[in-house]
Amino acid sequence: MTTTPVPDAQIQDDPFAPSSRSIRYGAGIGLVLLFFAFALCLVLALSDAVEGDGRAGVLFNAGMWSLALSGLTGLGGVFVPQGQMTRAARAHTVKLQYALAVLGPVLVGLD
């Protein structure tokens with residue numbers, strides 16, 4: 001009796017966990033939502049410029065970098081081949097993408 005080994009990328013430890021394809025869709029949706037987060041950051045920055053001290057601070061720059069890193073992690077979550085990234089690593093990448101996308105407007109709002 002011989003069995004063929006199954007590659008590690010095809011083994012799912014949790015049968016109820018989302019598939020790699022659905023995680024990719026989540027990353028794609030996060031990239032679309034990133035445009036709305038960017039627009040919110042611009043509105044917050046412009047309202048601060050009109051009503052506040054009129055200059056962008058360190059937190060504005062940190063918020064914009066957070067959005068940029070969110071986009072890069074989202075692109076990685078969508079376009080890295082399935083054989084190169086496990087399902088769990090892709091899920092953590094998408095979670096990081098959403099956390100950075102939420103952190104951007106929060107930092108700009110605190111500025």
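The values are calculated or read from the model by the stated rules, or taken from the named source; none is laboratory data. Remember, predicted model here, so these are calculated numbers, not experimental data. In case anyone asks, the SASA skips ligands and DNA or RNA and just uses the protein heavy atoms, side chains included. Shrake-Rupley method; radii C 1.70, N 1.55, O 1.52, S 1.80 Å.
Axis of helix 58-79 versus longest Cα principal axis of the chain: the two differ by about 20°, to the nearest ten degrees. Across the accessible surface of the chain, with the other protein chains kept in place and a 1.4 Å probe, carbon and sulfur atoms take up 69 percent. For semi-axes √(5λ) of the Cα gyration tensor in Å, the candidate list reads [x] 98, 19, 6; [y] 19, 15, 14; [z] 39, 10, 9; the entry that matches the value derived from this model is [z]. Accessible surface computed residue by residue for the chain, with neighbouring protein chains in place and a 1.4 Å probe, gives 68 Å² per residue.
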